Amino acid sequence: MRKGYMIVCDGSNGAGKTTVIKAIDAHLVSRGHATVVTREPGGTVIGEKIREVVLCPDTPELCATAELMLFAAARAQHVREKIIPAMASGKIVISDRFDAATVSFQHYARGLPLDLINLLNDIALNGFKPDINIILDLDPAIGIARVNSRGERLDRMEREKLEFLQKARNGYLAQADRDPKRFAVIDASQPLEDVISDAIKVVDHIVAG
Ligand SMILES: Nc1ncnc2c1ncn2[C@@H]1O[C@H](COP(=O)(O)OP(=O)(O)OP(=O)(O)O)[C@@H](O)[C@H]1O
Ligand SMILES: [Mg+2]
């Protein structure tokens, strides 16, 4: 019998991932589920250290290949140390970004070959797949404006040109088109309550089914 689930919330910077994840988590907890909220890069002590390196705005010289490998290293640790054990004990894991982000950012936006990204994702995931990737789809110009209005320092990815962020957005949509069973695209330009109710419908479908 299957035990836990893994739900990923992904999409453009500032699309509302962190906000929507809090709502999904509260919904699942209110239904009596045990949950683990996590994020990528990060989610483990080692992963959070890698996150500091990959997102640090003071080291723009980080090359695309090293960046890809750091994301993959953080993911390998995340899957083995946190996700698999949590799911084995029946928990629902909710992750802020996951494997699809690497395909979008490192292939579609950065231009690294897809077979290289797939290989590193395969090594990191070791046969594991999330149950659903919810993609919060938003024009990155709006996303960056939302991030700016939070008043925090922008990280290395958020400082990328709009054209780069647009390519990443299109990368998410292309992945969703290719694999509609594993992806659910939600229009994140809607009022927040509508985005949340769309996301909860997707989650209820997965967890109930
Ligand atoms: N649908 C929405 N309409 C308007 N504002 C929104 C909406 N969703 C989120 N916001 C606001 O936009 C900002 C960014 O949201 P949030 O931090 O959840 O996004 P994120 O995708 O996690 O961003 P990041 O990529 O920086 O982690 C927050 O101030 C949030 O309140
Ligand atoms: Mg966030």
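Spelling out what I want: for every residue of segment 127-138, take phi, set θ = phi - 60°, compute 6.51 cos²θ - 1.76 cosθ + 1.60 (Karplus), and round to whole Hz; glycine and proline get x.
For segment 127-138, the Karplus curve yields x, 7, 9, x, 6, 8, 10, 7, 9, 8, 8, 8 Hz.
Percent of alpha carbon pairs in the chain separated by more than 24 Å?
38 percent
Counting just the Cα atoms, what span does segment 45-157 cover along each of its three principal axes? Round to the nearest Å and put the largest first.
Principal extents (largest minus smallest coordinate, Cα): 39, 28, 26 Å.
Using Cα pairs closer than 8 Å and at least 6 residues apart in sequence, work out the relative contact order for the chain, in percent.
33 percent.
How large are Rg and Dmax for segment 1-98 when only the alpha carbon atoms are used, in Å?
Looking at segment 1-98, its Cα Rg and Dmax stand at 14.6, 48 Å.
Using the structure shown, list the pairs from K91/K129; K22/K181; K3/K49; K3/K181; K3/K91 with a Cα-Cα distance above 18 Å, or answer none.
Too far apart for the 18 Å limit: K22/K181; K3/K49; K3/K181.
Please list, by residue number, every one of the trypsin sites (Lys or Arg not before Pro) in segment 26-101 that is coil in DSSP and has at most 16 other beta-carbon atoms within 10 Å. Intermediate values should be presented prior to the final figure.
Details: sites: R31, R39, K49, R51, R75, R80, K82, K91, R97; in loops: R31, K91, R97.
In loop regions of segment 26-101 (DSSP not H, G, I, E or B), the sparsely surrounded trypsin sites (Lys or Arg not before Pro) are R31.
Could you give the dipole magnitude of the chain about its Cα centre, charging the beta-carbon of Lys and Arg +1 and that of Asp and Glu -1, in debye to the nearest 20?
Taking the Cα centre of the chain as origin, the dipole is about 520 debye.
Taking H placed 1.01 Å from N in the peptide plane, check which residues at least 5 places from I92 or on another chain put their amide H under 5 Å from its amide H.
When sequence neighbours closer than 5 places are left aside, the close amide H contacts are Y5, A34, T35, V36.
Extending each Cα 7 Å along its Cβ direction at E48 and R159, get the distance between those two points in nm, one decimal.
2.3 nm
Can you compute the radius of gyration and Dmax for segment 118-209, using only the Cα atoms, both in Å?
Cα-based Rg and Dmax for segment 118-209 come out at 15.2, 41 Å.
Every read-out reported here was derived from the displayed coordinates using simple, explicitly stated rules and does not represent laboratory data. Keep in mind that this is a model prediction, so the values were computed, not measured. Positions of Cβ are backbone-derived with ideal geometry, glycine not excepted, and every protein chain shown enters the neighbour counts.
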